[in-house]
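Written below as structure tokens is the structure these notes are about.
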Amino acid sequence: MKKYIKILAIAGAMLTLSACGNLKNSDLSSNSTTTTTKTKRYQTTGTDSNGYTVLLKNGKYLTSEISGLTATDNDNSVDEREFQRGLVEISEKVFSPKNYVFQEGQYLDSTTVGNWLGRYSKSNKTGLNPKNNGKTGTNTRNPVRLEEIEENDFLTGSGQSYKLAGMSLGLAMNSTDYYQKTTNGATYETSISKAEQLSYGKQYANTIVKRLRAKKKLKNIPITIGIFSKTDKNSLVGGTFIAYGTASANSSKITKWTTVSQKWQVLPTVDDESAYNSSDETSFSNFKSAVQNYFPNVSGIIGKLRYEDKKLVQENIQITTQFYGYEQVKSFAQLVQQDAKKYLSAAPAVEITIATANDTEAVVYKNSSSSTYHVHIYGGE
């Protein structure tokens, strides 16, 4: 199987975890080594009240060897970010940021996971994806079902003593598998239903837990696994998690699964699609009209709304236009700020990006459950 690696920006990962601030000294005694002259030092990042404290080694962020490793090259950057963000969100339900320190996965290596993401065959008996049955029909071939695996580790302790106390894994399941019947030929698609993703995801999860228990350091910790439904490669929004479960310490099987209710909505809708929430659609439409009436060069306004348990929790809006000076950017951003406060819901987190075809010029944003908007002009105030 050909392996595809995407290099992930450390800064972006840190932002996703909401971990920023001053450094605090600490030690990880289980991994530290002592010499007559020097002891290895570990640090943790400061954090806000909602995010994880992150473990640093010698002042450096530790990245996971498997992060970005995929079964095919049909990647989608917004899918990748939602996969990582959503896994952290699920992890917080099991491993509270108040009690655990975060570290990107350090126990699964790229060779092992690369084999797991491959098809099962005589030469790869650890492959989780189904063997190639030699068929090329859309509904007769065996599709690549499992696209990616993500690992997060959680440690407990204080002072000079930290130890691994939990792990979460994300399994990204394809909703569409793309393939070619001949080299460099036309691309075909096999659709995979949510029910299939969930069923196979649960099977893969228990197989993986059983394999992990063979590792000495992973025998006695809880392991949480989330099943993520990927979108197609051209989607404007990322996929969503559909379920998660936890294998308790010493258990090699997940017996209880929790359904996750998440949905993305793109506004304005297309192809006669109905809005998920008509009130949110009206608010967005009023905001869009107000902005377009103010500035004649606006070429597009697109909203991406994320719902959890039918509640709007995030609203990202992209405004594309053309500017001819700094003062235009500044005055336009100030108007967007006013109209956002007037028309958009106060409940969700909101991020409004103002950009030209080539550059991002400004961002207007607020945190969830806050009415206070902030404006940042790139290259300016």
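Between Gly239, Gly105, Gly134, find the one with the highest GNM mean-square fluctuation for the chain; connect C-alpha pairs within less than 10 Å.
In the Gaussian network model the winner is Gly134.
Which loop-located trypsin sites (Lys or Arg not before Pro) does segment 302-381 contain, where loop means any DSSP state but H, G, I, E or B and the Cβ has at most 16 other Cβ atoms within 10 Å?
Passing both the DSSP loop test and the Cβ count: Lys310.
What residue among Ser274, Ser191, Ser121 shows peak mean-square fluctuation when the chain is described by a Gaussian network model with Cα springs under 10 Å?
Among Ser274, Ser191, Ser121, the largest mean-square fluctuation in the Gaussian network model of the chain belongs to Ser274.
Before I look further, what does the chain give for accessible area per residue, probe 1.4 Å, in whole square angstrom?
Ligands and nucleic acids excluded, the result is 50 Å² per residue.
Using a 1.4 Å probe on the protein chains only, how many percent of the accessible area of segment 227-381 belongs to carbon and sulfur?
43 percent
Please give every one of the aspartates and glutamates within straight-line cross-link reach of Lys219, meaning a C-alpha to C-alpha distance under 15 Å, and leave out same-chain neighbours fewer than 8 residues apart.
Lys219 reaches Asp153.
Taking 0.36 nm per residue of separation and subtracting the Cα-Cα distance, what length does fully extending Lys194 through Asn367 add?
59.1 nm
Using a simple spin-label model with points 7 Å from Cα along the Cα→Cβ vector, what separation in nm is obtained for Thr176 and Thr111?
3.6 nm
Of Thr190, Thr70, Thr111, which has the largest mean-square fluctuation in a 10 Å C-alpha GNM of the chain?
Thr111
If I take R0 = 35 Å and measure r between the Cβ atoms of Ser261 and Ala290 in this structure, what FRET efficiency does the formula 1/(1 + (r/R0)^6) give, to the nearest 0.05?
0.65
Determine, from the Cβ-Cβ distance of Glu351 and Ser331 and an R0 of 25 Å, the FRET efficiency 1/(1 + (r/R0)^6), rounded to the nearest 0.05.
0.80
Do the sum for the chain: with -39,500 (n - 2.57) for every DSSP H run of n ≥ 4, divided by all residues, what is the mean residue ellipticity at 222 nm, to the nearest 500 deg cm²/dmol?
Taking each H run of at least 4 residues, the total per residue is -7500 deg cm²/dmol.
Too long at a 27 Å Cα-Cα cut-off: which of Lys210/Lys310; Lys131/Lys194; Lys98/Lys202; Lys57/Lys304; Lys310/Lys342; Lys181/Lys253?
Beyond 27 Å between Cα atoms: Lys210/Lys310; Lys98/Lys202; Lys57/Lys304; Lys181/Lys253.
Let me check against my output: what whole-number percent is the relative contact order of segment 217-300, with C-alpha pairs under 8 Å and at least 6 apart?
20 percent
Work out which helices of the chain, taken as complete DSSP H runs, extend at least 15 Å along their axis over the Cα atoms and score a mean Kyte-Doolittle of -1.0 or more, then list them.
Span-like helices in the chain: 77-94, 194-212, 278-294, 326-343.
Can you tell me how much longer the chain between Ser121 and Asp271 gets when fully stretched, taken as 0.36 nm per residue apart minus their C-alpha distance, in nm with one decimal?
49.8 nm
Specify which labelled value, from (1) 25.1; (2) 21.0; (3) 22.9, agrees with Kirkwood radius over Cα pairs in Å derived from the coordinates of the model shown.
Recomputing Kirkwood radius over Cα pairs in Å here picks out (3).
The values are calculated or read from the model by the stated rules, or taken from the named source; none is laboratory data. All values derive from a computational prediction rather than experimental measurement. Methodologically, a virtual Cβ is constructed for each residue, glycine included, from the backbone with ideal geometry; neighbour enumeration extends over all protein chains shown. The area values use the complete protein model at the heavy-atom level, side chains included, leaving out ligands, DNA and RNA. Shrake-Rupley method; radii C 1.70, N 1.55, O 1.52, S 1.80 Å.
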